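Structure first, then comments.
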Amino acid sequence: PPLQNNQPVEFNHAINYVNKIKNRFQGQPDIYKAFLEILHTYQKEQRNAKEAGSNYTPALTEQEVYTQVARLFKNQEDLLSEFGQFLPDA
Amino acid sequence: SYDFTPLDSSAVYVLSSMARRRRASQS
């Protein structure tokens with residue numbers, strides 16, 4: 001697909017955000033790893049849903065992604081609210 | 001400068017595709 005004008009903005013935002021999380025949890029690699037795990041599960045579910053068509057209900061909804069990340073980022077309000085900016089239907 | 005592993009890069013990819021989907025659903 002052709003690149004859209006604001007795609008680099010979203011990409012840069014994502015890079016900065018991942019970098020921020022990495023730095024914040026430098027001493028707690030398990031938290032960072034769990035965050036990556038949540039994202040990958042979500043992405044996998046989205047792909048399954050796309051391939052299966054409209055009959056498929058993803059096992060991990062946006063709401064559940066947000067809940068899991070909120071649990072992970074407890075006491076890190078800024079990271080959580082920024083995460084909400086990425087999530088569809090947040 | 002960023003020291004990104006392939007895992008980090010895939011997290012960036014997922015996040016930016018989330019943001020794109022969000023934008024698509026809002027427009």
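Every number in this text was worked out from the coordinates using simple rules, so none of it is lab data. All figures in this text were calculated on a predicted structure; none of them were measured in a lab. Cβ placement follows ideal geometry from the backbone for every residue including glycine, while neighbour counts extend to all protein chains displayed.
A simple rule links phi to the HN-Hα coupling: the Karplus curve 6.51 cos²θ - 1.76 cosθ + 1.60 with θ = phi - 60°, which for the stretch A:11-17 gives 5, 5, 4, 5, 4, 4, 5 Hz, with x for Gly and Pro. Expressed as a whole percent, the proportion of Cα-Cα pairs in chain A lying more than 19 Å apart is 46%. Other protein chain C-beta atoms within 10 Å of residue C-beta, averaged over A:31-44: 3. Partner lysines whose Cα lies under 19 Å from the Cα of A:LYS74, excluding those fewer than 8 positions away in the same chain, are identified as A:LYS20, A:LYS22, A:LYS33. Residues in the stretch A:54-61 carry Karplus couplings, in order, of 6, 7, 8, 9, x, 6, 10, 7 Hz; the curve used is 6.51 cos²θ - 1.76 cosθ + 1.60 with θ = phi - 60°, and Gly or Pro positions show x.
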